[in-house]
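Q: Provided herewith is a single structure, encoded as structure tokens, for subsequent inquiry.
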Amino acid sequence: MVAIVGRPNVGKSTLFNRFTGQRHAIVDELAGLTRDRLYGVTEWRGRRFTVVDTAGLDRSMARDDPGLAVLTAGTQQQARLAIAEADVCVHLVDVRAGVTALDEDVANILRTGGKPVILVGNKADSPANPHYAHELYKLGLGEPLLISALVGTDTGDLLDRIVDELPPPSEDDAPATSEELRLAIIGKPNVGKSSLLNALVGQERALVSPLAGTTRDAVDTLVTHGDRTVRLVDTAGIRRRGVVDTNVEHYSLLRALRALERCDVALLVVDAAEIVAQDRHVAGYAVDAGKGLVVIANKWDLVDQETRVDPGFLKSIHEAFDFVPGVPVLTVSALEGRNVGRVLDAAAGVAAARAVRIPTAALNNLLRDAFLAHPPRHDKGRQLKLLYATQASTPAPTIVLFVNDPELMHFAYGRYLENRIRAVFGFAGTRMRIVARARAERDR
């Protein structure tokens, strides 16, 4: 996990958007606009890692407004939690403004964190613009790197530095063996995650003494499902009850992201009576990380009988997560034990679908038939042509197409090809990536 930190309005959200390739964070000249942490997944040089966009560390933002003071104190604490949980911190400074007292305060916080820190001077958009790069050395954080998050100048060099500073992949980061299935129970607060955990452990009657995980104070729980070992990743945070402090809830989300990095399939627990946008966001974190997904519509016992038998109600739950084709949605009452026995079966099914390997010959035959059945549109007299296809050797299903020109690969046509592949090989409950590459990349 990588945390982007710094005082307000130095370009943290712009850099976050540059890394993730999507405009998740609102970018504005108004300082302190990032009220909460935003999360995204970045892949560079074969390493996938989570990026956290934090609120600006500035106590003076509260001024005389008591309500704003409470909000500011919360966002400052969340930023510090992100720093504590990160493997690498990127300290962003506005190189055009030089080093301020707030920059020095942030540097002092980072120095006490015991984490690798990369000092970055942002907004170096043009060599012709005056800037104060020499002042960055006074922060005592080593050699600074000058970039422009807005234009993208030297952001690749920054990603190289980040990957070099990340800890080496551990055994828990490697793909799980066929004998072990790793699951992470995730979801917003108060949806019954701890009840589901207890129901799963109690039902299997094979609770093993908690094992220390790789993340800080994380604890895994092992159960047996049939002839297979199931590792419930980082259950320590899930067991805690009565959590009412907002900052602790945000810390739990950080823990969930850590757990996602180590799991094969995420069990997303939602309140069956009320699916909200946050549920979809958490599901998005899971699929963006390349993990399988099972949706657990919990508290089914609290849904009235008339609503339960309405086909449109269950359909609406499925539609809320339709961006993950074929995702299993289970109606469960963890408290009463209803349908809990189906949870591990569904997770094992998604894990098996995620692990499907398509023979290269079969994949090429399928895609050539798809191209013949529905040829790509011409673009300025040119047409996309498939030369060769293969499935990448990655845990998340990734299909690599070698074509005459990747720019001719339209999003809608990629979705069409994905649907043709899924119709034959499934991949239910997991996101599929289709990557177009030029012929020269295959030749190399």
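All of the numbers you see were taken from the coordinates with simple rules; none came from a lab. Quick caveat: nothing in here was measured; it's all calculated off a predicted structure. Here Cβ is always computed from backbone atoms with ideal geometry, including for glycine, and neighbour counts include all displayed protein chains.
Q: Once the Cβ-Cβ distance between Ala362 and Val151 is put in as r, and R0 is 56 Å, what FRET efficiency do you end up with, to the nearest 0.05? Walk me through the intermediate numbers first.
A: Values: r = 44 Å, r/R0 = 0.78.
Efficiency at R0 = 56 Å is approximately 0.80.
Q: Among the trypsin sites (Lys or Arg not before Pro) within segment 298-365, which fall in a DSSP loop and have no more than 12 other Cβ atoms within 10 Å of their own Cβ?
A: On the way: sites: Lys299, Arg308, Lys315, Arg338, Arg342, Arg354, Arg357; in loops: Lys299, Arg357.
In loop regions of segment 298-365 (DSSP not H, G, I, E or B), the sparsely surrounded trypsin sites (Lys or Arg not before Pro) are Arg357.
Q: Between Asp345 and Asp301, what is the spin-label point distance in nm, taking each point 7 Å from the Cα along the Cα→C-beta axis?
A: For the pair Asp345/Asp301, the computed spacing is 2.1 nm.
Q: When the chain is fully extended, how far beyond the present Cα-Cα distance does Arg48 get from Tyr137, taking 0.36 nm per residue of separation? Don't skip to the answer; put the middle values down first.
A: On the way: separation 89, 0.36 × 89 = 32.04 nm, distance 3.03 nm.
Stretched out fully, the Arg48 to Tyr137 stretch lengthens by 29.0 nm.
Q: May I pose another question? When the convex hull of the C-alpha atoms of segment 287-444 is computed, what volume per residue in Å³ does it have?
A: 133 Å³
Q: Shifting gears a bit: Sort largest first and round to whole Å: the equivalent ellipsoid semi-axes of segment 360-443, each the square root of five times a Cα gyration tensor eigenvalue.
A: Details: eigenvalues 81, 44, 28 Å².
Whole-Å semi-axes of the equivalent ellipsoid: 20, 15, 12.
Q: Next question, about the same structure. FRET efficiency for Ala412 and Asn108, Cβ-Cβ distance as r, R0 = 41 Å, nearest 0.05? Each step should come with its number before you reach the end.
A: On the way: r = 51 Å, r/R0 = 1.24.
Efficiency, from the Cβ-Cβ distance: 0.20.
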